[in-house]
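A.B. asks: The following block contains the structure, expressed as structure tokens.
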Amino acid sequence: MAEKDRAAENAGKTERPRVTIKFGKGLVGDPFTSKAGKKLVEVKIPNQDANDKSPWASFVVSPDMIHDNQFGKGVWMKLPEDGQTKVSRPVLQGRDENGKNIWKNESRMVSNTELKSMVEAYKEKSRDSVLSDLSTKKTEMTKTETAKTERTAPKRASRPKEAAR
């Protein structure tokens, strides 16, 4: 009987579209407990520009929402497509009398689809330079290998001329 009730409840709910966000394990911080007693984990969002040296933005989710990838190198999570997530970034306010930096957290609400594009920005990087560097390294390696084989190849010893008997 209880199974029929659960099936009826699930039939009434429509499955909301979800956004899957994939990222590296290194972006997930240590779990902590909030003031309300919930277990949470902070996820860092790398800067899209490699030259941008400002602190990374972050958001907080339940560790139960983050799952290990099948191959063990990354993690993934699903969020409702129409939902929003609060993203925080430390901003330098100034310096105190002792010369220490004063930081303030700047927070804003971001749609989950925008959050996905922020976290997965690494996928949009151009790989042309990496591929061209790889091809030039390969050609250099083949040139150096052929030069080494020419230098280290054993020379055929010429037979000493036999003295006439």
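A.B. asks: For residues that are among the charged types (D, E, K, R) and surrounded by 13 or more Cβ atoms within 10 Å (Cβ to Cβ), scanning just segment 12-69, find the one that is nearest to the chain's Cα centre (by Cα).
C.D. replies: K22
A.B. asks: Return the residues of segment 55-107 that are at pLDDT 90 or above, assigned to a strand (DSSP E or B) and acidic (D, E); say none if nothing qualifies.
C.D. replies: Across segment 55-107, the qualifying residue is only E106.
A.B. asks: Looking at K44, is it part of a strand (DSSP E or B), in contact with a Phe, Trp or Tyr (Cβ under 7 Å, 6 or more places away or on another chain) and farther than 28 Å from E15 by Cα?
C.D. replies: The answer is yes for K44.
A.B. asks: Right, next: Tally time: how many residues in segment 1-36 are farther than 22 Å from P80 by Cβ, charged (D, E, K, R) and modelled with pLDDT under 90?
C.D. replies: 4
The values are calculated or read from the model by the stated rules, or taken from the named source; none is laboratory data. What you see is a predicted model, and the numbers here were worked out from it, not measured in a lab. Don't worry about glycine lacking a Cβ; one is built from the backbone with ideal geometry, like all the others, and counts go over all protein chains shown.
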